[in-house]
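Worksheet: one structure, shown below.
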Amino acid sequence: MIVVNDIVNIGNDFSLVALEKEFFFLPNSTDGITEEKLYALNPTAYFVASYIDGKRTVEDIINLLCSKTSVDKEIAENDVLELMNSLLENKIIYKK
């Protein structure tokens with residue numbers, strides 16, 4: 001389970017990709033891309049994911065989101081933690 005003071009990074013098996021107005025984590029494998037291997041993101045989730053760099057804490061990313069939007073910090077924290085834990089469960093990110 002990821003908490004706000006954790007540092008996370010994107011695993012080597014996935015890349016964060018923006019295709020026009022659609023955002024995904026795509027597998028880096030050569031087995032082909034199937035819907036089961038595709039992890040779609042909304043624009044806010046893409047914004048959050050773009051700051052996953054293995055250096056920032058989850059709280060740093062929450063603060064960046066709050067500084068760039070009008071979202072309430074408590075709501076941002078809940079939403080970001082939900083996203084991060086889903087990405088962890090799907091083995092897209094890992095805790096450092």
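Read-outs: derived from the displayed coordinates by stated rules, not from any lab. Treat the numbers as computed from the prediction; the structure is a model and nothing was measured. All Cβ positions, even for glycine, are placed from backbone atoms using ideal geometry, and neighbour counts span all protein chains on display.
Scan region 74-96 for residues that are within 20 Å of Leu38 (Cα to Cα) and surrounded by fewer than 17 Cβ atoms within 10 Å (Cβ to Cβ) and the total you get is 7.
Can we say Leu88 is under 15 Å from Phe14 (Cα atoms), in contact with a Pro (Cβ under 9 Å, 6 or more places away or on another chain) and among the hydrophobic types (A, V, I, L, M, F, W, C)? No.
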